[in-house]
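Chemist: Pasting in a structure now, in C-alpha cells, and then I'll have a few things to ask.
The values are calculated or read from the model by the stated rules, or taken from the named source; none is laboratory data. All of these numbers come straight from a predicted model, not from anything done at the bench. Using ideal geometry, Cβ is built from the backbone for each residue, glycine included, and neighbour counts are taken over all protein chains shown.
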C-alpha cells in the first residue's frame, strides 16, 4: 500500500473492514490556509492529517483540541473552532460574543471572564480578559451530562466557598443560581466517548473500541454520524467552493474577519496492478479553524473497496489551483504522468473491487458511483452529495501520507497531548516552519 502526494497538501491513509469478508482503503488529504480578510490563501507550512484524537493539556480525560482525521467516512461536513476568543484589539473585556458563520451555520456563543457563585448565591463580577479559552471545560455540563468535562450544577466549592460558574453560554442564557442546570456551549470537537457520539453506536456502545475500531469489521447497524466530531449545529450537508466564512472575535488580529478560501482541487489516482489509473472521488468533509494561530484546514476524504487487506495498490494525490492554472500546467500535470508512465493513457472510473459486493445498506454513501461501475455494493454509510472543492470524475474516492509540518504551540496551559500515532501535536514553544516540500521553491512545485 503506497499513498503519496506530489503537491504540498498532506495525505494519510487507513485500511478498514466494512464487513467481515471485505476491506476498504480510505485516503485523506488536508490543505492549510492562512486566514486573512477577503481572501485566504494556502499557508507556506501545510499541516499533516492527525492520525489520532489530540486532547488538550496532555490529558486523555480532557476535551479534544483536534479529532483524528483517520475516520473511514463522514456523512456530513464538520465545522470546528478551537483555541481562544479574543477581545477587540487586545483590550481586556468582561464579556463578548464569538461568532462562527459559514453556509447554513450561524452560531454565536457568549464568552465571559471567570466568575463564581458566592456562598450567598450571588454571581461575582466577570474578570476582564484579553483572550479566553474556548475549551468545553469552561462550558456547562448540561442537564443530561452532554458535556462530561463541563461545569455541573452545584459544582463543588473551593476553599473560599465559591462555586465556579460557566464562562461559555448560549446567547441570552440566564444564570439564576448555582443549582440551575445550563445548556453547554462550544465550538470544539466532541470526543468519541461522550454521550452525543457514543449513543450513535447503539447496542455496540459498550464494546466498541474507540481507538482500535479499524481492527474489527465495522458494525452495520451503527449510526454513521458517529464519525462526525462537530456539535450537531456545526454540521453541513456539503461545503461548496467559494463559501464565505465569517469569524467574530475568533482571530488574534482581526475582531471580525470575513473571508473566502482559495479554490483548491485535490485529485487522487488509484493504480491497481496493470490496470489503467482510476480517478478517485474526494469529498471535502472537515473545516477546522485554529483561532490562536489564525489558520484553518480543509480535509478531503475518499475510499475504494480492496480485493483483500494486503492488496498492492498505489494512490497518487495531486492538486489544482484554478487561480494559477498556467503554473499548474507546467508543474503538477507532468507529475501525474511521471508517476505512472506505463499504466495506460486514460484515467478510468474506479470500479468495485472483484472481491465481492458490500452490503446494500451501505451503498449510497462514500462512493456512490462504484455500484454503477461494476460492483453491486459500494462503501458504507456516507451520503452522496455534491463534491465541495473537488468536481472529480464519476466513480471516485481517496488519498495518502506525507511528513507533517510542525505547527506553533498553543498556550502552555492548553497544550494538546501527543496523539498515539506517528504524528506529533504542535511543537512546544516553536514557531511554524515550512514543510520540506515547500522550502525554497514555489508552493506548487513537485516535492523531491
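Chemist: Considering each of 71, 31 in turn, give the residue that is surrounded by 21 or more Cβ atoms within 10 Å (Cβ to Cβ), modelled with pLDDT of 95 or more, assigned by TED's automatic domain parsing to the domain that holds residue 314 and out of contact with any helix residue (DSSP H, G or I) (no Cβ under 8 Å at 6 or more places or on another chain). Outline the logic, then answer.
Modeler: Details: 71 fails: out of contact with any helix residue (DSSP H, G or I) (no Cβ under 8 Å at 6 or more places or on another chain).
The match here is 31.
Chemist: Just name the residue that is nearest to residue 198 (Cα to Cα) out of those in region 223-232 that are surrounded by fewer than 22 Cβ atoms within 10 Å (Cβ to Cβ) and without any contact (Cβ under 8 Å) to a residue 60 or more places away in the chain. Break it down into steps so the answer makes sense when it comes.
Modeler: Kept after step one, since they are surrounded by fewer than 22 Cβ atoms within 10 Å (Cβ to Cβ), are these residues of region 223-232: 223-225, 232.
From what is left, the residues that are without any contact (Cβ under 8 Å) to a residue 60 or more places away in the chain are 223, 232.
Details: 223: 10, 232: 14 Å.
Among those residues, the one meeting the criterion is 223.
Chemist: Tell me the residue from 37, 20, 44, 55 that is closer than 30 Å to residue 216 by Cβ and surrounded by fewer than 19 Cβ atoms within 10 Å (Cβ to Cβ), please. Before you say what the answer is, go through the steps one by one.
Modeler: Details: 37 fails: closer than 30 Å to residue 216 by Cβ; 44 fails: closer than 30 Å to residue 216 by Cβ; 55 fails: surrounded by fewer than 19 Cβ atoms within 10 Å (Cβ to Cβ).
None of the others qualify; the one that does is 20.
Chemist: Restricting attention to region 7-17, which residues are buried (at least 21 other Cβ atoms within 10 Å of the Cβ) and more than 17 Å from the chain's Cα centre (by Cα)? Walk me through how you get there before you give the answer.
Modeler: Narrowing region 7-17 to residues buried (at least 21 other Cβ atoms within 10 Å of the Cβ): 7-14, 16.
Result: 7, 8, 16.
Chemist: What pairs can you find where one residue is in region 78-103 and touching a residue at least 40 places away in the same chain (Cβ under 8 Å), the other is in a helix (DSSP H, G or I), and their Cβ atoms are less than 6 Å apart, with a gap of 6+ or different chains?
Modeler: 79/234
Yes/no per residue for (1) closer than 28 Å to residue 252 by Cα; (2) in contact with a strand residue (DSSP E or B) (Cβ under 8 Å, 6 or more places away or on another chain):
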position	(1), (2)
134	yes, yes
144	no, no
155	no, yes
164	yes, yes
174	no, no
205	no, no
224	no, no
237	no, yes
